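To start, the structure itself, in structure tokens.
The values are calculated or read from the model by the stated rules, or taken from the named source; none is laboratory data. None of the values given here were measured: they were computed from a predicted structure. Neighbour counts are summed over all protein chains in view; Cβ atoms, including those assigned to glycine, are modelled from backbone coordinates with ideal geometry. With ligands, DNA and RNA removed, areas are computed over all heavy atoms of the protein, side chains included. Shrake-Rupley method; radii C 1.70, N 1.55, O 1.52, S 1.80 Å.
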Amino acid sequence: MKFKPIIVLIILIVPLLIYVLFKDSIKPIWNEFDTIFTISSYSISVILLLYNLNLKFHFAINRIFQWFKQDHTFWRFSYFIEQENEFDKILFIKNLKRLNISINKEYEDFIEFIYKDSYLFRLQITNNETSRINLFSTRLIVPTKRIKPTINELIEVTEVIENSLSSIISDSKKFDLIIEYPKTSPFYSYWIKKLPEQSIYNFNFSIRIPNNENIVSVNKNQLIIKSNSINKLFDTTKDYLSLQIEI
């Protein structure tokens, strides 16, 4: 949440205007009010200063506002994997039907399916010397309270794919998650001003987190998280969406 200068001015000026306009009637209680006003003004100034200078305090305040706002974000999930043999589409469809999944469209090179009557996925298949399998989700609306269930559901879909493969090429896995905020990302404006220079390795503000194999790119209203492990991907997702990160 941004603190607008006009709000601070109102907080500072209104009490003074009241005193000037109603000086005679308010004078008996002004001494007490003056003390309260001074303490309040000082406290607000300290909070604003810490909010703009200290990363942990900045995100701690934003977490409080998140609890009250009950925000949502928009997700686009994609998953790429290769195997040495041809992809067994019949086995995959059989495994899908064991879950609450229905086939929407089926062609030679892709399958479109609906998960839990709400999530639409497309699986693109390329069979050459190796099988390349690309999974894409549509834009998912994820309320703050449904982050963990949504993660579990996406993991379940990827497990269905991997259980349908016979010989996975181990280093081929790639997971991407695009998280879009309804408004500006809470990280963008802060990082432009405060991010240490050594943490920026290109001008797209793509940030490599220390001791983490994931790569996180920060745009004005998006986070793009890339990883070769779905568990690491979603651990980072939970940290960022709960604003519990360290740089």
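For this structure, a couple of remarks:
- With a simple spin-label model that places each label point 7 Å from the Cα along the Cα-to-Cβ direction, the separation between residue 128 and residue 156 comes to 3.5 nm.
- Ranking 113, 136 from most to least accessible surface, computed with a 1.4 Å probe over the protein chains only, gives 136, 113.
- Across the cross-link table entries 116/145; 94/183; 89/145; 145/232; 97/174; 56/173, which are compared at the Cα atoms, the separations over 29 Å belong to 94/183; 89/145; 56/173.
- The 1.4 Å probe gives accessible areas that order 156, 129, largest first, as 129, 156.
- Residues whose amide H lies under 5 Å from that of residue 112, counting only those 5 or more places away or on a different chain, are 104, 105, 106, 107, 123; hydrogens are built 1.01 Å from N in the peptide plane.
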